[in-house]
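Structure first, then comments.
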Amino acid sequence: MKNIFLTVILLGMISQACGQFSLDVSGGFAAQSYNKVQIPNPDGTAFDLYKDFKIQGPALYFTLKLGYSFLGKNHFFLLYAPLSVNYEGAAPFDIRYQNTTFLKGQNIVAYYKFNSYRLTYRRDIYSSDKWLVGIGFTAKIRDAEIRLTEDNNTDKKVDLGFVPLLNIFTEYSFKKWSVFFEGDGLAGGPGRAFDFYLGSKIPINEHLKVKAAYRMVEGGADVRSVYNFTMLHFANLGLIITL
């Protein structure tokens with residue numbers, strides 16, 4: 001506890017001297033529209049984790065974003081956004097997945113993971129009493145896994161890779177609250193990735209805001225080893241702390 005207290009004091013002193021730190025902590029519930037899989041591509045069996053199996057338990061998630069703003073218009077962000085979903089059900093047909101064939105009617109336990117680690121630089125390009133607009137770039141590391149298990153048979157595909165993205169942000173302020181739209185996205189080549197927020201912020205005091213938003217994640221890859229595209233929807237509630 002003493003170390004945490006000293007760290008907070010130190011961050012406050014640094015922020016006063018050099019810039020401003022922020023911590024965005026949020027989470028909520030996740031829902032899906034689809035989660036299409038074919039591994040390997042195109043020799044594996046095409047199936048949909050969401051439509052062909054049942055989600056087990058509530059799909060909860062959280063995100064942590066550490067920000068640093070300096071010289072008025074420049075912002076760096078570090079984001080950690082883990083996500084995992086469990087599925088279970090009888091295979092609706094024979095599924096060839098990686099090096100294993102899961103037969104129709106067998107009970108399948110499936111695990112889907114898509115963790116995201118991001119470093120973003122954004123610069124404000126327009127600001128007024130009401131509007132704030134910024135653009136930037138995001139370096140994203142994806143840590144993905146899809147695993148199927150039946151009795152003693154298990155097969156999985158792990159995908160760790162780098163994705164460059166464009167970052168956008170816009171906010172409109174009312175008297176006591178604001179609405180915002182922000183996110184990362186890029187399409188082209190063998191895949192696409194979009195992660196957008198639309199919501200509002202309500203200041204509690206000069207150091208604390210409450211955030212409520214709808215978040216949408218969509219994307220995937222269509223390459224020789226993997227075909228996987230998914231769309232997820234999130235109810236997002238969080239706190240933004242500034243120092």
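Our summary of shape: the Cα atoms of region 82-169 have principal axis extents of 61, 25, 18 Å, ordered from largest down, in whole angstrom.
First measure r as the distance between the Cβ atoms of Leu166 and Leu119, then evaluate 1/(1 + (r/R0)^6) with R0 = 22 Å and state the FRET efficiency to the nearest 0.05. Let's see the in-between values first.
Numbers: r = 14 Å, r/R0 = 0.63.
Rounded to the nearest 0.05, the efficiency is 0.95.
Pairwise Cα separations in the chain fall into 10 Å bins from 0 onward with the following percentages, short to long: 7, 28, 30, 19, 11, 5, 0.
Centre-to-centre, using Cα atoms only, region 90-141 and region 148-184 are separated by 6 Å.
In this simple spin-label approximation, Glu145 and Leu237 carry label points 7 Å from Cα along the Cα→Cβ vector, and these lie 3.1 nm apart.
Between the Cα long axis of helix 2-18 and the first principal axis of the chain there is an angle of about 60°, rounded to the nearest 10. Of the GluC sites (Glu not before Pro) found in region 116-189, not one falls in a DSSP loop while having at most 11 other beta-carbon atoms within 10 Å. With the largest listed first and rounded to whole Å, the semi-axes of the equivalent ellipsoid of region 118-157 from the Cα gyration tensor are 45, 11, 4.
If I take every Cα pair under 8 Å that is 6 or more residues apart in region 117-213, average their sequence separation and divide by the length, what percent do I get for the relative contact order? Could the numbers behind the result be given before it?
Details: 204 pairs, mean separation 18.8, N = 97.
Worked out over region 117-213, it gives 19 percent.
Taking a sphere under 14 Å around the Cβ of Phe53 and counting the other residues whose Cβ falls inside, with K and R at +1 and D and E at -1, yields a net charge of +1.
Largest mean-square fluctuation among Gly67, Gly105, Gly89, in a Gaussian network model of the chain whose springs join Cα atoms under 10 Å apart, belongs to Gly105. Taking a straight line from the alpha carbon of Lys104, these aspartates and glutamates sit under 13 Å away, with near neighbours fewer than eight places off in the same chain left out: Asp52, Asp94, Glu150. Checking the cross-link pairs Lys51/Lys201; Lys51/Lys211; Lys113/Lys201; Lys113/Lys211; Lys65/Lys156; Lys176/Lys209 against a 23 Å limit on the alpha carbon distance flags Lys51/Lys201; Lys51/Lys211; Lys113/Lys201; Lys113/Lys211; Lys65/Lys156 as lying beyond it. Take every pair of alpha-carbon atoms less than 8 Å apart whose residues are at least six positions apart; their mean separation over the length of the chain yields a relative contact order of 20 percent. Computed about its Cα centre, the charge dipole of the chain is approximately 640 debye, with only Lys, Arg, Asp and Glu carrying charge at their Cβ. Within region 200-243, the trypsin sites (Lys or Arg not before Pro) that combine a DSSP coil assignment with at most 10 other C-beta atoms in a 10 angstrom radius are Arg224.
Coordinate-derived values only; no laboratory data. A quick note: this is a predicted structure, and the numbers were derived from the prediction, not measured. Methodologically, a virtual Cβ is constructed for each residue, glycine included, from the backbone with ideal geometry; neighbour enumeration extends over all protein chains shown.
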